[in-house]
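For reference, the structure is listed below as structure tokens.
The values are calculated or read from the model by the stated rules, or taken from the named source; none is laboratory data. Nothing here was measured: the structure is a model prediction, and the numbers come from that model. Ideal geometry is used to build each Cβ from the backbone, glycine not excepted, and the neighbour counts take in all protein chains shown. Note: accessible area is taken over every heavy atom of the protein model, side chains too, but ligands, DNA and RNA are not part of it. Shrake-Rupley method; radii C 1.70, N 1.55, O 1.52, S 1.80 Å.
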There are 2 protein chains.
Amino acid sequence: MQKSEKKGLVIVHTGNGKGKTTAALGMAFRALGHGFSVLMVQFIKGSWKYGELESAKKFENFKLVPMGRGFVPTDGSVADEDRQAASRALAYAREQMKAYDMVILDEVNYAVTFGLLDEAAVLTVIDEKPPATHLILTGRNAGQSVIDRADLVTEMREIKHPYQQGIKAQRGVEF
Amino acid sequence: MQKSEKKGLVIVHTGNGKGKTTAALGMAFRALGHGFSVLMVQFIKGSWKYGELESAKKFENFKLVPMGRGFVPTDGSVADEDRQAASRALAYAREQMKAYDMVILDEVNYAVTFGLLDEAAVLTVIDEKPPATHLILTGRNAGQSVIDRADLVTEMREIKHPYQQGIKAQRGVEF
């Protein structure tokens with residue numbers, strides 16, 4: 001394969017359904033099998049569960065960095081601490097991305113939606129992406145300018161959810 | 001946690017977008033972190049790539065069984081060998097599923113769509129699922145009676161695909 005064919009993709013998983021973070025984990029799993037190094041930065045605390053944190057320990061090249069706070073918007077207000085945590089997470093990813101083959105900004109779209117991050121700052125990270133690095137942005141409500149810059153965009157749509165049937169969250173699936 | 005709260009879910013990943021198999025892999029990754037045993041049976045050859053096969057080797061409890069043939073329907077005809085391979089894969093999953101905490105029937109919906117499997121046979125497997133086992137069915141065009149039996153259904157919709165921009169498949173992402 002010619003070197004010139006190696007192009008890092010900008011990938012977006014958005015939509016109201018499940019599977020956005022989970023599919024990013026699956027991509028990490030695939031990339032790690034190739035010996036790629038993967039960095040996953042968390043923008044909203046609680047998006048990662050026990051299961052993946054345990055499995056990730058098997059891979060030396062998989063770095064998970066939980067930097068977000070447990071931000072749950074109820075009244076529309078955003079605390080300075082939440083904004084600062086999100087900005088630190090993005091600055092960290094921006095600084096580190098050249099050292100990784102794949103970088104996942106988990107729930108970053110959600111962080112933009114709720115005013116924790118400026119979209120312009122996220123666009124800067126996309127624009128500065130090293131050519132061979134794959135960059136994955138997850139979270140509902142991905143902005144149009146993020147989508148415009150992406151190579152691959154998938155919308156995960158919720159068709160049916162167990163909560164609708166009164167079923168509790170199940171170990172090994174939802175946590 | 002009371003034993004009675006443990007309910008295995010029937011989960012469907014369908015739609016024309018990427019991420020159906022990948023999100024199932026991510027679910028396997030999460031479940032394995034809990035010490036769950038996972039069986040993934042492949043109905044269409046070629047849906048699994050080098051990356052995940054390598055990563056899967058790290059997990060003793062993750063069994064991947066590639067039983068499908070490289071079926072690509074061009075003229076609408078289905079060879080007996082293809083039908084037999086799909087039926088063997090389904091019979092294997094049906095027989096083995098009681099020994100696993102999570103069973104993934106990868107591309108099974110696609111196999112039904114192309115006449116490799118009768119939908120009735122797939123419904124039987126769903127109906128016979130042990131109560132605590134999670135059963136995941138992937139593939140586009142999931143049938144309505146499969147959806148009716150599911151607890152969690154997500155449609156992966158393609159919004160943008162790199163092929164549209166003339167970008168070749170990239171190692172670590174698509175294979």
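Distances between copies of A:Asn61, taken at a point 7 Å out from Cα along the Cα→Cβ vector and listed shortest first: 2.5 nm. Computed over the protein assembly as shown, the P(r) curve from all C-alpha pair distances, binned at 20 Å from the origin, holds 31, 58, 11, 0 percent per bin. Relative to one another, the C-alpha centroids of the stretch A:87-165 and the stretch B:80-152 are positioned 33 Å apart.
Inside 10 Å of the C-beta atoms of A:156-167, what's the mean count of C-beta atoms belonging to other chains?
Partner-chain Cβ atoms within 10 Å, mean over residues of A:156-167: 6.
Inter-copy label distances for B:Ile167: 3.5 nm (label point placed 7 Å from Cα along Cα→Cβ; shortest first). Counting Cβ atoms of other protein chains within 10 Å of each residue's Cβ and taking the mean over peptide B:52-61 gives 4. Structural descriptor for the stretch B:13-148: relative contact order 32 percent, calculated from alpha carbon pairs under 8 angstrom and at least 6 residues apart.
Taking all Cα pairs closer than 8 Å and separated by 6 or more residues, the relative contact order of the stretch A:70-143 comes to 39 percent. Computed with every protein chain present, the accessible area of A:Arg83 is close to 100 Å² [probe 1.4 Å].
Size descriptors for the stretch B:97-175, from the alpha-carbon set: Rg then Dmax equal 15.5, 46 Å. Compute the label-point distances linking A:Pro131 to its equivalents in the other copies; points lie 7 Å from Cα along Cα→Cβ; give nm, one decimal, shortest first. Label point to label point, same position, other copies: 6.0 nm. Report summary: the helix-based calculation at 222 nm, which adds -39500 (n - 2.57) for every DSSP H run with n ≥ 4 and divides by the residues of chain A, gives -10000 deg cm²/dmol.
Amide H contacts of B:Met40 (H built 1.01 Å from N, in plane; Pro and chain starts excluded): B:Lys63, B:Leu64, B:Val65, B:Ile104 sit under 5 Å, all sequence-distant by 5 or more or on other chains.
Here, P(r) means the percent of Cα pairs in each 10 Å bin from 0 to the largest distance; for chain B it is 9, 38, 37, 13, 2, 0. Taken residue by residue and averaged, Cβ atoms of other chains lying within 10 Å of the Cβ of A:144-151 number 2.
Computed from backbone phi with θ = phi - 60° and the Karplus coefficients 6.51, -1.76 and 1.60, the 3J(HN,Hα) list for the stretch A:99-110 is 8, 10, 7, 9, 10, 10, 9, 7, 6, 5, 5, 5 Hz; x is used for glycine and proline. The amide H of B:Val10, built 1.01 Å from its N in the peptide plane, has B:Leu135, B:Asp151, B:Leu152 as neighbours under 5 Å, considering only residues 5 or more places off or on other chains.
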